[in-house]
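Below you'll find the structure, written out as structure tokens, and then a few comments.
Just so it is clear, none of the values below were taken in a lab; they were calculated from the coordinates. Here the structure is a predicted model, which is why all the values come from computation and not from measurement. Neighbour counts are summed over all protein chains in view; Cβ atoms, including those assigned to glycine, are modelled from backbone coordinates with ideal geometry.
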Ligand code: F6P
């Protein structure tokens, strides 16, 4: 049984929301706060170590009940049950979507094709922890009997972004191993990374679900060649591990079976950091911290499945995002963590969100006539205040934003942490309140300048204020966004878990690569043909 197909724009709630938008569109949030002194309390969710304040949104209680009605008409609750219990909700690839099973407890029962997958998940988890303990403790050594000092994660997309985001975010919890990431096909970049490494003490973790991805496989070959300049192919075996569904291809490449870590086709690449694709995370942080990350995600899974609409963080954030995307026509959404450690979160979420919900064919197989996936972008505060915040405050675009911060400083530099948090709170306050003509007129004499100094305000933000950056809390945060993606896919009536849109460019790159080595070009449009010739003539 797959997901129900319902056209959202034909629901009663959607049409009620359209009418409601006409009433809300000019309402000033500032006034809503004055009218209801309890607004901040009423529109906040306190859960575990999270506080979500969504009161700075262009909504009333009426908006919320209409968004709930929409979720109900779109059968959100029964879709959530299907998602968690292994129904093949990735219909276009005939697969279950079970990254949530990777963080479920040992006594859970989750079936794929009638087989409980939990015991297999725990087998792989044990293999990961044994291997990673061996590397961290120095029990497993390189070909000259030296301890490993450097780990290189070789992968791209979901096989890179998740591990690198988490390892960067949790660097405070990391051990002595130095982590590197080779992702791009750009050979100059590979050389830059390799020139700093010693083959005797470096372990390469090749992560590719398919083991056919051009970038990863080319990079793995380059690494092999580099390694074999100093050692034999027998020595190389100690330095290569692979994470994949395609075990045969990994073996054929030269990875020994004991060094191949299995993943499954029911784990999508962009949701795979909880699986063996997170092996580098496990190596960098140790198994206990990896388990804490998984535990946090599992807690969010339970919250998502059980909390009522008004208290459900992923559902509320997803429905607000739909409110802006589909009724206010806001194209994009900004992710602004006030934590340098979360600097890779926006890029990670770009893949997770945009590869999932960047679709225009609905679950009836028809072209949608409404907007789907939003554009995700962002960067860390306070840096971005000195970059793109000008546009957020005074530009013409409506950009809903998630502001994320941790209350506690990891190293205890409270004086600077207070400054960081004061900026975090000040920016969303400024986006909400703006600055009026009268306020400016009181400050300056030159009347001509007044219009340039006005801040319109009324710009929506969510504040996600978390006690401390810990593996558990990061796990919860990532799972929160995973479920937000799911909810939006359900409401937009699309399939969120395939990514056919990445295929065409890959195929065409293959044809163009052939053109470089043959006289007669394949058929191309005139612009591409001219550019190919220009490159060939240059070489
Ligand atoms: O290009 C799209 C994609 O398939 C992503 O979805 C995936 O995360 C990435 O490529 C890497 O794929 P693989 O793990 O199979 O190398």
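Annotations for the structure displayed:
- Summary of the geometry: segment 476-506 and segment 78-100, compared by the centres of their Cα atoms, lie 12 Å apart.
- Label-point separation, residue 65 to residue 122 (7 Å along Cα→Cβ), nm: 4.7 nm
- Length available on full extension from residue 445 to residue 332: 0.36 nm per residue minus the Cα-Cα distance, which gives 37.0 nm.
- Quarter of Cα convex hull surface for segment 334-456, i.e. mean projection, nm²: 10.8 nm²
- Computed on the Cα trace of segment 150-219, the radius of gyration divided by the Kirkwood hydrodynamic radius gives Rg/Rh = 0.96.
- C-alpha long axis of helix 526-538 to longest principal axis of the chain, angle in °: 50 degrees
- Quotient of the Cα radius of gyration of segment 210-367 and 2.2 N^0.38 Å, N being its number of residues: 1.35.
- Sorted by Cβ neighbour density within 10 Å, fewest at the top, the residues 95, 270, 363: 95, 363, 270
- Value of relative contact order over segment 211-329, rounded to a whole percent, pairs C-alpha under 8 Å and six or more apart: 14 percent
- The listed peptides 259-269, 304-314, 330-340, ordered by packing as a protection proxy, come out as 259-269, 330-340, 304-314 (highest mean of other Cβ atoms within 10 Å first).
- Principal-axis tilt of helix 118-137 within the chain, Cα atoms, nearest 10 degrees: 70 degrees
- Beta bridges by DSSP in segment 102-290, antiparallel share as percent, to the nearest 5: 15 percent
- Quotient of C-alpha Rg and 2.2 N^0.38 Å, computed over the chain: 1.04
- Global form of segment 97-165, assessed from the alpha-carbon gyration tensor, a/c cut-off 1.5: oblate
- Ranked by how many other Cβ atoms sit within 10 Å of their own Cβ, fewest first, the residues 108, 422 fall in the order 422, 108.
- Separation of alpha-carbon centers, segment 1-56 and segment 365-405, rounded to whole Å: 18 Å
- Whether segment 39-84 is rounded, prolate or oblate, judged on the alpha carbon gyration tensor where a/c under 1.5 counts as rounded: oblate
- Taking every alpha-carbon pair under 8 Å whose residues sit at least 6 apart, the chain reaches a relative contact order of 18 percent.
- DSSP-defined antiparallel bridges as percent of all bridges, the chain, nearest 5: 35 percent
- In plain terms, the residue of 478, 281 with the fewest other Cβ atoms within 10 Å comes first and the most crowded comes last, giving 478, 281.
- Cα-based helix-to-principal-axis angle, 503-516 vs the chain, degrees rounded to 10: 50 degrees
- The alpha carbon centroids of segment 223-258 and segment 295-336 are separated by 42 Å.
- Global form of segment 1-79, assessed from the alpha-carbon gyration tensor, a/c cut-off 1.5: oblate
- In the chain, helices alone account for a calculated mean residue ellipticity at 222 nm of -13000 deg cm²/dmol, with every DSSP H run of four or more residues adding -39,500 (n - 2.57).
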